[in-house]
Every structure is written in C-alpha cells, then in structure tokens.
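First comes the structure, then the notes that go with it.
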Amino acid sequence: MIVQTDSAENILFANFFRVLLFFHIFAQTLEEILNLTCKPELTHYIIMENKLNRRAFLKGLGIVGAGVLASTSPWLAAFSEVDHTMKERCRIGIIGPGSRGRFLLSFLLQNPKVDLVAFSDIYQPSLDEALKMAPHAKTYKDYRKLLEDKSIDAVIVATPLNTHCKIVLDAFQAGKNVYCEKTIGYDMSQCRSMYNTFLKSGKIFFTGQQRLFDPRYIKAMEMIHQGTFGKVNCIHAFWNRNDNWRREVPSPNLERFINWRLYKASSKGLMTELACHQLQVGTWALQKLPQKVMGYGAITFWKDGREVFDNINCIYTFDKGEMMTWGSDISNKFYGLEEQIMGNWGTVEPERGKYFFEDIDPAPAFLQMINEWENKVFGSIPFAGTSWAPETADENHGEYILGKRPDNDGTSLNVDAFVESVITHKQPPRIAEEGYYAAILCLLGHEAITRGEILSFPDEFKINYSTYHTKAPSAL
Amino acid sequence: MVLPHVFQKSPSGESLYYTWFSAMHTRVDLIFISREAESFYSNLTNLIHKRIFEIEQIANCFNPKTEISEVNRSAASRKVKITEELYQLLQCCIQSNFKTCGLFDITTDSKNFSSTTISQVALSEDREIFFGLPDIYLNLSGFLKGYALEEIHIILKNAGIHDALINMGNSSILGLGHQIGHTGWSVKLQNSGEEIILENECLTTSGNNSVQQLHIVNPLNGIFVTGKRSLSVVTTSGIEGEVLSTALLLANNFQRQQMAHEFQIKRIIHS
C-alpha cells in the first residue's frame, strides 16, 4: 500500500493516458470515456487543450499514483513510447474475420497507425463482411498465404479455438507478431507450446484478455492491491445467460463449422469461451495462482445435440485457503455476469463498476483528498454540514469505481496496445503471461470437470511467472 | 483489530493515513499526516476507536446498558453514584445551559419538559445525581461528538500527530495543523458551498437537512426549528462548538450577544 513514484514511471503513465486520448480523440467514444472518468470541467479542459494533463487525468480517474498502477497493471507500459510512434505504421492481417474478428477490426480501423492489409478466412461470407469495412484489403482462403506476405507485421487470430495453436505457431514461424483471441489453446500442451514459441521468436504476443485494459478493472485492482477492501478471501465469478448460444446456420452441413463453440472437437464450451476472462480477473486480484481446482458440469437445459456443458461450477483454491468460484448457467440470466471480489472490509464488483463496504463507505470527499495528496494539489473538502445519519446508509448502494458505468470494456485499448507494441518491438510486461495462465486455468477447470477429480496445478505448466509481481519482466 | 483504511507514503517520507468507521450513530473519518508507519497509525486508530466507545458506554442514552441510561432509569427514585467522567460531562452541560440563556438543554426529551426541568437535575459534590421530578430524561447526543473531538485531540497530541482532520458525522469537524502546502484545513460546507479554513479549530453545524425535518426544539418556548436551514460555528473547543451551534440557531439578538460574552466564537455561518 505504499506509493512510490519516479520520473520514468511518470513519463510512462503520462504516455499511457496520452494514448488513451490519442486513440480516441477521433472516436465517438471520447467524450463518453472522459465523462466516465473525469468531471465535466476536466473533460472540457482535456478536449479543449487536445492534450493530456497527467495530474488532471489521474485526478479524474482517481488513480492514486503511477507506482501503484505500474505494479497492478504493468502491461500499460505498452503505451510508453506513444509520442515517438506517431508517424509509424503497423501493417496487420486478420485471420478469421468472423464476428469477433470484425469487432476487433472496427477498433483497428479507428487507429491511424494501422494499415489493414489482408483478411483470411475459409468462410466467404466472413470475408465479404470484412471487405465492407476495409474494401482495399487483400483476401485469402488459406491463412498461410497471408503469412507469406512479407509486408504484414502482425496478425490477429480470431478463429475457432481448435485452430489457434497451429495458426499462431505458423505465424511466429513466419516472423509475425501475434494477437490471439482467448482461449489461446485447445489444451494445456498447446498453450505451453505457443508460449514457448513466442519466447523464442522475440515477437510480440497478445491475447484477447480485454479486461486487462478496462479502466474499471484497472482502478478496482489498484484499490484491491492497496488493501482498500481488506484481505480478499473469496471471489465469486459467474457468467449467466438465457439463450442457446447458437448461431443461425445457412445450411445443415455448416452446423459444426458455424456453431463450433458447441462441439467438443472445436471447443470446450463455457470454460474456454467465458471462464477465461474471469479466472484471469481472480488471479489478477489475488496476485497468485490457484493450487487446486474441482468442478462439475452438465447439459441440463439445452439438450439440442450440443456436446459441451450448459451448466458449470468450478472451485479454485489458493495457498492460504482463499477460493475463487466460477459458474455459468445459460438457462437463467438473472444474475448475469460479475466477479464479486470480497475482502473483509468490502466487496468489489468491477463488471458493475461498483464497490461496497461492509460497514460504511469511505467518504468520497476524503478519498478525493487522498488522490490529490500525491500531486500536492488540495482543494476544499466538501463534506461539512448537518449530521450524517446512519439511516441514510441503510441500503448499501455502493460507490462507482469510476463514476458512471463505462461502455468501453478495454477491447479497443487492448488492440491499440498491441499495435503500439508491434511498432516499438517491445513486449509489455506480463501481458502474454496473463493470457497464458488464463488459458491454463480454464483448461485445468475443464479437465477437473471431465475427470471428476480435484486437480493440482501441474508443475509442468508453470512458467517463469509464478509470482506475479517479480518474475514477469525477467522472464522476458 | 485493523479498521478499514488507506495508507500512502510519499517518496519524501511523508505518510497519510485515512480510516473510517461508524460510532455514536454516525460516521467517523480520521486523516493523519505525519511520517509514521502504517502500523503506528493503525494502533493510534485503535486507541481512538476504543476511547470513542468508552464515551458511548458512559453517555449514550440510546443504549440501555450505559451509565447515563442507568441514571435516566433510577435518578428520580434514588441518588445515583456516577463516574467522574459523567459527572464532569453533566456539570459542563448544566453550566452550558446557564451560559446559553437556557437554549442548550439536555433535558428536552423529558416527559412534561419545560424550561425549568433542568433545574431539577441535582449534582452533588460527592458525584451523586438526583432528579427532583419523575420522568426526567438526559440526552447528551448533541454534546458527545464535540467531547469526542476533544478526547481525540488529546490522544493525537500524546502520539505526536500534529496534522490531522477529524470528522464526526460531518457536523463536528476538528482540523489540526495543516494539509500539505496549505495553512490549516480547507473544508467546504455542503449546503452553501462556503469554504472554511480550520487552523486548530472545530467546525460544528446544527440544523435541518430538509423542510420535513423537525428535531431541534427551543427549550424556552417548545417550538421546533423549521425549514431547511443550518448554522455552523468555528470554535477552538469541540464542546463549545456543540453547545453553540444549537443555541445560536435558536437565539435572538439579545441571547446571541450574551453568548458572545460567554464563549470564544471565531466565526458564525448561516446556511
């Protein structure tokens, strides 16, 4: 909970926030982002000045200090040289411009540093849709042809899970930098192989763990790691829906191709498609990896020929008895999606963007003052008045982590960070490792379910990253 | 016990500690600035927390197990021996009643209350209390937060903490020393937005949060203060702040002049 800053960190994070502005200055979301993170007058100031004042932005975001941020989310260093890359270009190809691939494409097209060179997909309708967005891009049916294009610096891999490993290995072999959608591998061996190949390649490797760049999560983790909510002993993560998770199939022979998520040969269902995001949040919060996992899964509602579970619960346990549960039921959406991170003083729900204290909340005016303390800029504290009565706090509505709930989930920044890293040839600390372990955890959970056993985290899949804080940079 | 808190240390060695908890039916916020370690502040907070609960155990009339509750139950039928601390508190309250021309009164919750009810509270030198009327009910709620501020001030002084901001429920605030880079502590009133600089001073506020609220009664005529209005007063003493914020809200010009002679009032703010 100690804040230390030095000039390098200040520069690094000043650049991070500058890039936030840079990449969104032309986007419709700019004002939304700023409104969510800043007071109106601050938003106005930033827009009018067309540059970022770090102190003001930190104040608006409520980030206590660069030192804490660097420890909590070191991959934000991806933006450290944004000032020097303004005239650089990153030439990108997308392998698998299906719905997710095109979602990523929508952000890439907003980034003035990106030249979208080519698409590859075996499904022509996906290529056609992608070409509507980037008409000048080349198209390939065979991704290997795209990889042969020497002008392409980096590839986005957004294909079905079972195809990731081969494509990613081929991409590294071809000298490409890689952004691979999560879950990165179909099994743990594939993940390890991909990670090791990345290390040997000297290339950039990002995964689609967008929460790592979501301002709500970044701020929440900063607060958690500062100890604001006390000792975190339990995390309940869940992702519930009420739909069959199917996509419309134009022809029955395309069923397994289009609905690949529902079949064992191409997916591990909810664990690889949903859990991957949230298990990473749990380890991010606790700053360590679980030791054991147990779980159960079944097809209890959508008995439509699918092969993957529609109802799952897993428990991950840590060295001091802490637990993280992950569950998903896709026949009831009432509780939706959340990670409930519970400390002995309070609870954070980053997806909802709120935190709740067990007794009473810290006074916002005092928290504001603490945030200002680092910058030695103090205003008046607006709290004095007639007596605060407990009846006003009977219902615990909590406080917003960053003002109103933002719409941006971090995906655009994740993609932008990848572009920056490709341009600078610098792999940000811990970003690949977060993706690797997120994959291993969900695959381990799936294995525990299918084997019906309590599984220990296998040593063979531990990388030089067992301590989140200290080993990541040296591993690279 | 470690209470919820936020701790920060700057590269130059200054440290800031913020903690918050509920006590006295309200919230308490404490900010300390010094060069101490986190554990030091945690221990200090525990001392303060303990002291506040000791005060509550003596003088919280809403808890039937406290000393004041025993007095309220029994002092009409027999003399009740009380602790030195409660004795001093009650004596101070009775004196304050005189000094405020009767406008500060701890007996207003008594059944059949009148402006003379307080005269029926008899304190003897050997620390005994007796009520000359049945159904007298002593309520020190409007006094205790200021007293707690004074007690916290003593603890901080002994601990060598010179820069601190203590908030008891937003209505009783003590600013000791100063914020970094400032003279004193700059506090803003929520209602009026007025900025007050506290330099080893207390800011105490009484009034109604809304037009519906009726909770401050004039002991001299039994009429409640109506409307959304409040009065804040800056004093060097937390106790005097509690007494004055209520009394000045009720006072006419003559009574205000009287109080100005009796107390050291630094500033009065109407909002």
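Here the contact order of chain B, divided by its residue count and restricted to Cα pairs under 8 Å and six or more residues apart, works out to 16 percent. Quick check: Cα centre of region A:243-260 to Cα centre of region A:298-344, how many Å? When both Cα centres are located, 24 Å separates them. For the segment B:10-21, counting C-beta atoms of other chains within 10 Å of every residue's C-beta and taking the mean gives 4.
What percent do you get for the relative contact order of region B:66-139 when only Cα pairs under 8 Å and 6+ apart count?
On the way: 94 pairs, mean separation 31.2, N = 74.
Rounded, it is 42 percent for region B:66-139.
Whole angstrom only: what separates the Cα centroid of region A:91-109 from the Cα centroid of region B:146-164? Centre-to-centre distance over Cα atoms comes out at 61 Å. Backbone amide hydrogens, once placed in the peptide plane, bring A:Ile94 within less than 5 Å of A:Ala118, A:Phe119, A:Ser120, A:Ile156, excluding anything fewer than 5 places away on its chain.
Checking a compactness column here: for region B:1-160, what do you get for Rg(Cα) / (2.2 N^0.38 Å), N being the number of residues? Each step should come with its number before you reach the end.
Details: Rg = 19.0 Å, N = 160, 2.2 N^0.38 = 15.1 Å.
Relative to the rule-of-thumb radius for its length, region B:1-160 sits at 1.26.
For the residues B:Arg78, A:Arg211, a 1.4 Å probe over the protein chains yields an accessible-area ranking, largest first, of B:Arg78, A:Arg211. Shape class for region B:66-139, computed from the alpha carbon gyration tensor (a ≥ b ≥ c): oblate, with a/c not under 1.5 and a/b at or below b/c. In this simple spin-label approximation, A:Lys87 and B:His215 carry label points 7 Å from Cα along the Cα→Cβ vector, and these lie 6.7 nm apart.
Checked against a 20 Å cut-off, the cross-linked pairs A:Lys150/A:Lys203; B:Lys81/B:Lys111; A:Lys132/A:Lys268; A:Lys113/A:Lys150 give Cα-Cα distances beyond that limit for B:Lys81/B:Lys111; A:Lys132/A:Lys268. Using Cβ point charges alone (K and R +1, D and E -1), the dipole size of the protein assembly as shown about the Cα centre works out to roughly 1720 debye. Rolling a 1.4 Å probe over the protein heavy atoms leaves A:Ser193 with an accessible area of roughly 40 Å². Take the alpha carbon gyration tensor of the protein assembly as shown, find the square roots of its eigenvalues, order them as a ≥ b ≥ c, and report rounded if a/c is under 1.5; if not, report prolate when a/b exceeds b/c, else oblate. Note, shape of the protein assembly as shown comes out prolate.
When each of the peptides A:276-285, B:31-40, A:73-82 is scored by the mean number of other C-beta atoms lying within 10 Å of its residues, the order from highest to lowest reads A:276-285, A:73-82, B:31-40.
Does chain B classify as rounded, prolate or oblate by the C-alpha gyration tensor (a ≥ b ≥ c root eigenvalues; a/c under 1.5 gives rounded; else a/b over b/c gives prolate, otherwise oblate)? Walk me through the numbers before you get to the answer.
Values: a/c = 2.18, a/b = 1.43, b/c = 1.53.
It comes out oblate by the Cα gyration axes.
The GluC sites (Glu not before Pro) of region B:78-152 that DSSP puts in a loop, and whose beta carbon has at most 13 other beta carbons within 10 Å, are B:Glu125.
What is the average number of partner chain Cβ atoms found within 10 Å of a Cβ in A:359-366?
Working: counts 6, 8, 3, 8, 7, 0, 6, 9.
Average neighbour count from other chains, rounded to a whole number: 6.
Within the straight-line cut-off of under 21 Å between alpha carbons, the lysines reachable from B:Lys266 are B:Lys99, B:Lys145, B:Lys188, sequence neighbours fewer than 8 places apart in one chain being disregarded.
The values are calculated or read from the model by the stated rules, or taken from the named source; none is laboratory data. What you see is a predicted model, and the numbers here were worked out from it, not measured in a lab. Cβ coordinates were reconstructed from backbone atoms using ideal geometry, including for glycine residues, and neighbour counts include every protein chain displayed. Only protein heavy atoms, including side chains, enter the accessible area calculation; ligands, DNA and RNA are left aside. Shrake-Rupley method; radii C 1.70, N 1.55, O 1.52, S 1.80 Å.
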